[in-house]
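Undergrad: Structure provided below as structure tokens; questions to follow.
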Amino acid sequence: MASITAYVGAYHLLVFFRARRGREHLSFAAMCVAVVIYNVLCAALYNAATPQQGAPWQVWQTLAIGLGGIGVMFFVADYVALASRRVLWILLTAFSPVVISLAPGLQHLLITNEPQVKHISLPLGVEITYNEMAIGPVFTYEGAMSFAVFGYAFLLGSRLYRQGQRDRAVPLVWATALFCVGGVNDALVSQGVYGFIYLSEYAFMAL
């Protein structure tokens with residue numbers, strides 16, 4: 001998934017530099033970079049043998065998720081051209097607690113010292129183990145901010161649809177809706193409500 005996303009990002013970057021217009025291609029390429037980083041961190045976390053080994057990857061995942069959310073925000077603003085600059089700046093500023101909590105001595109706000117190993121049983125005898133630490137309040141807060149970003153993107157896509165630009169609106173509405181479904185699943189899995197695989201990286205692929 002990281003390889004596919006890197007290819008797509010490079011393609012849109014090339015389109016931007018060749019055409020010298022269409023800023024949505026540049027912001028989409030930037031979003032792809034954040035998704036590539038996130039996917040690589042996912043691979044590292046999923047291969048951790050113990051929760052202690054997985055903890056650093058969880059911490060850096062929060063930064064990648066934040067960058068991905070900001071990338072989505074600017075891409076949608078360029079793609080739709082209906083976004084309120086005030087709302088964009090509010091959403092951008094709202095990610096600052098995540099950056100602050102990456103500082104030494106504050107990372108306990110992202111993840112705790114409590115191991116939370118998840119054993120997932122899938123059909124056909126497939127077994128998956130997530131070696132993680134329980135998440136902290138800032139991690140939960142970042143998840144809520146991500147929903148706010150994608151909710152705003154969905155709203156803008158719906159507004160674009162009502163204006164008659166259905167060819168541009170429909171892919172955006174579907175992508176943001178699918179990402180919200182993946183986000184809800186991951187939030188419930190992370191909290192231990194039920195056992196299933198994480199879907200955020202697949203939801204990013206939908207976008």
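Undergrad: Can you run down the residue pairs with Cβ atoms below 9 Å, 6 or more apart or on separate chains, where the first is in segment 46-73 and over 18 Å from Ile100 (Cβ atoms) and the partner is β-branched (Val, Ile, Thr) and surrounded by 17 or more Cβ atoms within 10 Å (Cβ to Cβ)?
TA: Listed by first residue and then by second, the contacts come to Ala55/Ile111; Gly68/Val35; Gly68/Ile37; Gly71/Val33; Gly71/Val35; Val72/Val149; Val72/Thr176; Met73/Val149.
Undergrad: Let me ask something else about it. State which residue is most open to solvent (accessible area, probe 1.4 Å) when the search covers only segment 12-46 and only residues that are under 17 Å from the mean Cα position of the chain (by Cα) and not hydrophobic (A, V, I, L, M, F, W, C).
TA: Among residues in segment 12-46 that are under 17 Å from the mean Cα position of the chain (by Cα) and not hydrophobic (A, V, I, L, M, F, W, C), the one most open to solvent (accessible area, probe 1.4 Å) is Tyr46.
Undergrad: Of all residues in segment 119-155, how many are under 22 Å from Gly195 (Cβ atoms), over 13 Å from the mean Cα position of the chain (by Cα) and among the aromatic types (Phe, Trp, Tyr)?
TA: 1
Undergrad: Would you mind telling me which numbered condition in (1) open to solvent by 80 Å² or more (accessible area, probe 1.4 Å); (2) within 26 Å of Ala2 (Cβ to Cβ) Ile100 fails?
TA: (2)
Undergrad: Output the qualifying pairs, or none if there are none: Cβ atoms under 6 angstrom, residues six or more apart or on different chains, first residue in segment 164-182 and within 25 Å of Gly143 (Cα to Cα), second residue modelled with pLDDT under 90 and open to solvent by 60 Å² or more (accessible area, probe 1.4 Å).
TA: Listed pairs, sorted by first residue: Thr176/Phe154.
Undergrad: Give all pairs with beta carbons closer than 9 Å in which a residue from segment 87-106 that is within 18 Å of Gln61 (Cβ to Cβ) meets a residue that is of a type in the set (S, T, N, Q); count only pairs at least 6 apart in sequence or on separate chains.
TA: Listed by first residue and then by second, the contacts come to Val98/Thr62; Ser101/Thr62; Ser101/Gln107; Leu102/Thr62.
Undergrad: Mind counting the residues in segment 72-87 that are at pLDDT 85 or above and not acidic (Asp, Glu)?
TA: The total comes to 10.
Undergrad: Continuing with this model, one more query. Which one of the conditions (1) under 16 Å from Thr176 (Cα atoms); (2) free of Cβ contacts under 8 Å to residues at least 60 places away in the same chain; (3) open to solvent by less than 40 Å² (accessible area, probe 1.4 Å) does Phe147 fail to meet, given that it meets all the rest?
TA: (3)
Undergrad: Considering only segment 1-11, how many residues are among the β-branched types (Val, Ile, Thr) and either open to solvent by 90 Å² or more (accessible area, probe 1.4 Å) or on the phi > 0 side of the Ramachandran plot (or both)?
TA: Of the residues in segment 1-11, 1 are among the β-branched types (Val, Ile, Thr) and either open to solvent by 90 Å² or more (accessible area, probe 1.4 Å) or on the phi > 0 side of the Ramachandran plot (or both).
Undergrad: Can you spot a residue in segment 15-33 that is over 30 Å from Gly136 (Cβ atoms), basic (Lys, Arg) and in contact (Cβ under 8 Å) with a residue 24 or more places away in the chain?
TA: Yes; the residues of segment 15-33 include at least one that is over 30 Å from Gly136 (Cβ atoms), basic (Lys, Arg) and in contact (Cβ under 8 Å) with a residue 24 or more places away in the chain.
Undergrad: Counting only residues that are polar (S, T, N, Q) and surrounded by 11 or more Cβ atoms within 10 Å (Cβ to Cβ), which one in segment 117-139 is nearest to Phe95 (Cα to Cα)?
TA: Asn131
The values are calculated or read from the model by the stated rules, or taken from the named source; none is laboratory data. Everything quoted here is computed from the prediction, not taken from an experiment. We place every Cβ from the backbone using ideal geometry, glycine too, and count neighbours over all the protein chains shown. Ligands, DNA and RNA are excluded from the accessible area calculation, which covers all protein heavy atoms including side chains. Shrake-Rupley method; radii C 1.70, N 1.55, O 1.52, S 1.80 Å.
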